[in-house]
Every structure is written in structure tokens, then in C-alpha cells.
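What follows is a set of notes on a single structure, which appears directly below.
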Amino acid sequence: MIVGRDEEWISAVALLDRLATGPCALFVEGEPGIGKTTIFEALVARARGLGVQVLRCRPSQAQVRLPHAGLMEVLDGIGADLIDDLPGPQRRAMRIALRWEDPGPLGAEPQTVAAATGSVFQRLARDRWLLLAVDDLQWLDDASAQALEYAVRRVEGGHLAVLG
């Protein structure tokens, strides 16, 4: 039960209602301890109860300098087949970003990781409703933030909601 945050909760629930009409987003901001994470967790649970696929992460200050730490958490649990079905350069870049493959001397090109993330999101959002939920957005590493932002902007014809 959420107490004292009725306006925020109504906005959060409305986010899931708007999924039926296409992409949408909600960002909740405020001082620490005002209940943002409580709303976040309650909405994630509600979304899952409605059959929405949830991709989520809760980055911490310690992860902010670890490239793709957030992306690794967001994509944790998706099938390897989804990654393996990507075009060659995207597949390799994503496998490197997720630490499934040795990066070699060059690593993964950020634009290719972003394109691969966009391809994954497009495929997921095509088949069912999708919620990307990032708690403590300020601690998301730059590499993940860039890939996720690119991906969110590229989802077409799917049902994607973003909660931050």
C-alpha cells in the first residue's frame, strides 16, 4: 500500500494504461526518502501482474563508472537466442557489452551496441507490452544510458513504457 503519494501513484498507473496507445514515459523526481522507489517497485509488480514484460535495473553509485553495467542488468534473463538472432556486428557488440564474449583489443563500438539494443527492444515490444524501468537513473552508467536512450527512440509500432 502506498500512503501519501496518491498523485504520483495515479500518474504511475496511468503510464500502464497509456501503453495501449503506444510509447509513453514517466519520470519521478524528488529528494531521497520520499517514496520514489516504493512507487517504482509497486508499478513493476503491477505491470508484471498485467503480463507486461519488465526490463529493469537499479544502478548504484558504485556502478556509475562500469560501462554497460545497467544494460547488463536490464537485459538479464532475456534469451541468448534473441541476441544470437541479431545481425553479425550487432550480435558481437551486444555479446561483448553483456560480457558474454571477450572484447579483444577494440571492445564494442558504442553505436553498434546502441543499435543492437534498439533491435532487441523492437523485437520485444513487437510481441508484447514492454516496461523499461530504471530506478535511481542518476547512477546509470553513460554507456548504458546512451544505448537505452537510442533504443527507446527507435521502437516503432510497439508498446513501450519507460519508468525512471
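The C-beta contact set for the stretch 134-146 (first residue in contact (Cβ under 8 Å) with a residue 24 or more places away in the chain and open to solvent by 70 Å² or more (accessible area, probe 1.4 Å), second residue among the β-branched types (Val, Ile, Thr) and in a loop (DSSP other than H, G, I, E, B), distance under 6 angstrom, 6+ apart or interchain) comprises TRP139/VAL64. The number of residues in the stretch 23-54 being of a type in the set (Gly, Ala, Ser) and free of Cβ contacts under 8 Å to residues at least 40 places away in the same chain comes to 5. Scanning the stretch 30-45 for residues that are at pLDDT 85 or above, of a type in the set (Gly, Ala, Ser) and surrounded by 14 or more Cβ atoms within 10 Å (Cβ to Cβ) turns up just one, ALA42. Taken over the stretch 66-119, the residue count meeting the criterion of being among the hydrophobic types (A, V, I, L, M, F, W, C), touching a strand residue (DSSP E or B) at 6+ places or on another chain (Cβ under 9 Å) and crowded, with 16+ Cβ neighbours inside 10 Å is 5. Selection of the stretch 151-164 for residues being assigned to a helix (DSSP H, G or I) and over 11 Å from the mean Cα position of the chain (by Cα) yields ARG153, ARG154.
The values are calculated or read from the model by the stated rules, or taken from the named source; none is laboratory data. Just so it is clear, the model here is predicted, and its values are computed rather than measured. Cβ: placed from backbone, ideal geometry, glycine included. Neighbour counts: every protein chain shown. Side chains included, ligands, DNA and RNA excluded: accessible areas come from the protein's heavy atoms. Shrake-Rupley method; radii C 1.70, N 1.55, O 1.52, S 1.80 Å.
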